[in-house]
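What follows is one structure encoded as C-alpha cells, with my remarks underneath.
The values are calculated or read from the model by the stated rules, or taken from the named source; none is laboratory data. Not measured: the values here are computed from a predicted model. Virtual Cβ from ideal backbone geometry, glycine too; neighbours counted across all protein chains shown. When the accessible area is computed, the model is the full protein with side chains, heavy atoms only, and any ligands, DNA or RNA have been set aside. Shrake-Rupley method; radii C 1.70, N 1.55, O 1.52, S 1.80 Å.
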Amino acid sequence: MEHQIITYMHNGMRINSIEAFGNIRGSVHQNCKSVYFVRVLGMGAGYQEEILKLDRTMLQSMQEGRLFYQRIKTLPGMHTVEEADYYADCYRKWQRNNRSSIETKTKGFGLPQILGRALYQTVEKYRRIKPGISETIERNFVVKLMHWFDAMMKEFLAESTQRVWDENANIKLAVHNVIKEQEYLFYYLFTLVGADVILFQNKADIALSSDLKELSSELVLGGYGDVSIPDFSRIYEENPSHSSMGEGMNTNVFDKALNESKIRVVIPKRPQRKQTQEEPAPVLTSQLQQPIQNPARTEKSFEQLALLASSVVMINVHDNTGEPMGFGSGIMVGKKGYILTNYHVACHGNCYSVRIENDATIYQTREMIKYDYVHDLALIRIDRMLNPLPIYQGKQKLVRGQKVVAIGSPLGLFNSVSDGIISGFRKFENVHMRNHVSPVCADMIQFTAPISDGSSGGAVLNLFGEVIGMTTAGFDDGQNINLAVGYEVIRPFIQGFL
C-alpha cells in the first residue's frame with residue numbers, strides 16, 4: 001500500500017516562552033501537520049530553571065507514552081570507515097530513486113518517502129546558500145545528515161521492521177548553541193519528518209543568511225551570556241520512577257540514561273602483602289626523577305626527515321569537465337588510501353588526481369570522505385595502500401623556538417622540504433583561504449619554514465618525524481609568517497581512519 005505523504009506547516013502559532021514550546025502539540029489534519037522550529041536568543045531571568053522545568057515536563061509526558069524528548073549539546077561524530085561507506089551508499093540509492101525516498105538504519109512504514117522528500121528540500125536549501133557545490137560535497141553533506149538522523153532516532157523506533165512510523169507521534173528536541181550551518185539545516189530536516197525543535201542560543205545567534213533564518217522563528221529573552229545547564233540525563237536522579245511509561249514508547253533510552261547517571265566505580269583497597277624475594281624492590285624517588293628512554297622514538301637528521309616526503313602527496317583538483325582548477329598537498333594518514341588535506345584545497349573539486357613520490361601512477365578519485373569547514377580539513381581516499389605518517393600524541397606541549405620541517409609542493413614543485421622553527425601560537429577568526437573564508441581557526445601554529453601556493457595540505461613535522469600540524473595559510477605581505485592547523489584538531493578528525 002502506497003503511503004500518502006503529508007505536508008508540514010512551520011510555526012503556525014507564535015511561541016512566546018520555553019514553556020509554550022513544551023506544551024504545544026502538533027497533529028495531522030487533512031494531511032498537514034504543524035511543526036515548530038524556534039531559536040531562543042539570549043537569556044532572561046530564571047533561564048536555567050525554565051530549561052530544567054521543560055525537562056521535567058517532557059519526562060512526565062514520556063512516562064505517560066505521549067511523546068519523545070531529548071536535550072543535547074552536540075551531535076555525534078562519525079568514527080569508522082564502515083559508517084561513512086554505509087551512508088554514502090544510502091546517498092547513491094537516494095539518487096537512483098530520483099531523490100524521492102531513502103532508507104537508513106531507522107525503519108518505519110512510510111518513513112523512506114517522508115525522509116527522502118525532507119532530504120531533497122534540505123539539500124536544495126543548502127545548494128541555495130552554496131551555489132556551485134560539487135556532487136562530492138553534496139554527498140558528504142547528506143552522509144552527515146543521515147548519520148545524525150539515525151543517531152537521534154535509534155532509541156525512538158524499535159529495531160523491528162514491524163514498528164509502524166506514525167506521523168502523529170510527538171517528537172521534541174532541544175539543542176544548545178548551534179554554530180554551524182550544516183547542523184542548523186539538520187534540525188530543519190528533523191522538523192520535516194514531524195519533530196519540533198528548539199535551539200537555545202544563549203551565547204550568540206547563528207550566523208545565517210536571511211533565507212535560512214526565515215526557516216525558524218525567534219524568541220528573544222535577553223542579552224547573550226554563558227550559563228551552565230546540567231545534562232538532561234541528570235534529571236533522572238530526581239525522577240527515578242519510570243515504570244508507568246506507556247507501551248507505545250521504547251524504554252531503552254530511559255533505562256540507559258537512568259543507569260548511566262547513577263553508576264559509581266569503587267576500587268577496593270588491596271590487602272597489604274609481605275614482600276617476597278620474587279617481588280621487585282620499590283622504586284626510589286631519585287630513580288623516578290630520571291627520564292625514561294624510549295628507543296623507538298628518537299630524533300632524526302634532516303636527511304632522514306626529508307625521506308618522509310614519500311608519505312606526502314601532491315593533489316591536482318579538477319572541475320566537472322576534468323580540467324585542472326588548482327593544486328595542493330596532502331598527508332597520508334590511513335593505510336587504506338586515506339589522505340588529509342585542506343578543505344580550501346578540495347572543496348570545489350569534482351575529482352582529484354594524486355601523485356606519490358617514486359610511483360609513476362597518477363591516482364584518480366572522486367572520494368571526499370569527510371570535511372570540516374571551520375577548521376579547514378578534508379579527507380579524501382585513493383585506491384592504494386599507503387605508508388601513513390604518525391600523528392603527534394601531544395605528550396609534551398609544543399613550544400616557541402622548536403625546530404620543524406615542512407613538506408609540500410609549493411608552486412607545483414613536488415615534495416619540497418624546508419626547515420624552520422615554531423614562532424608562535426595564534427588564534428584567528430575569518431581567515432581568508434583561497435576558496436572560502438573560515439569562520440574560526442583556533443590555536444593555529446605559526447612557523448617560519450618557507451611555503452608558497454601549493455603547500456596547503458602539506459605536513460609540518462617535529463624532529464621525530466611526527467605530524468604536529470598541516471600547512472594551511474601564509475601571509476603574502478610578510479616573510480615566512482605561515483600557519484598550520486595543529487595536531488589537536490587533526491587527531492579527532494581522522495579518528496577511525498588511521
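Criterion first (without any contact (Cβ under 8 Å) to a residue 24 or more places away in the chain and either surrounded by 22 or more Cβ atoms within 10 Å (Cβ to Cβ) or at negative phi (or both)) does Lys370 satisfy it? Answer is no for this residue.
Selection of first residues in the stretch 63-75 that are part of a loop (DSSP other than H, G, I, E, B) and of second residues that are modelled with pLDDT under 90 and of a type in the set (Asp, Glu), restricted to Cβ pairs under 9 Å at least 6 apart or on distinct chains, gives the following pairs, ordered by first then second residue: Gly65/Glu247; Lys73/Asp231.
Meeting the requirement of 2 or more residues that are modelled with pLDDT under 90 and not charged (D, E, K, R), the helices (runs of 4 or more DSSP H) wholly within the stretch 139-238 are 235-238. Filtering the stretch 50-86 to residues that are among the hydroxyl-bearing types (Ser, Thr, Tyr) and either within 17 Å of Ala20 (Cβ to Cβ) or loosely packed, with under 15 Cβ neighbours inside 10 Å (or both) leaves Thr57, Ser61, Tyr69, Thr74, Thr80.
Of Lys395, Lys403, all but one fail to be charged (D, E, K, R), without any contact (Cβ under 8 Å) to a residue 12 or more places away in the chain and more than 22 Å from Phe141 (Cα to Cα); the exception is Lys395. Check Lys335 against each of (1) in contact with a strand residue (DSSP E or B) (Cβ under 8 Å, 6 or more places away or on another chain); (2) within 25 Å of Asp89 (Cα to Cα) and name the one condition it does not meet. Looking at each condition in turn, Lys335 falls short on (1). With the structure loaded, tell me whether Tyr392 is in contact with a strand residue (DSSP E or B) (Cβ under 8 Å, 6 or more places away or on another chain) and open to solvent by less than 30 Å² (accessible area, probe 1.4 Å) or whether it fails that test. So Tyr392 passes the test.
Within the stretch 116-131, residues that are hydroxyl-bearing (Ser, Thr, Tyr) have Cβ atoms under 6 Å from residues that are part of a loop (DSSP other than H, G, I, E, B) and open to solvent by 10 Å² or more (accessible area, probe 1.4 Å) in these pairs: Tyr120/Arg99, counting only partners at least 6 apart in sequence or on another chain.
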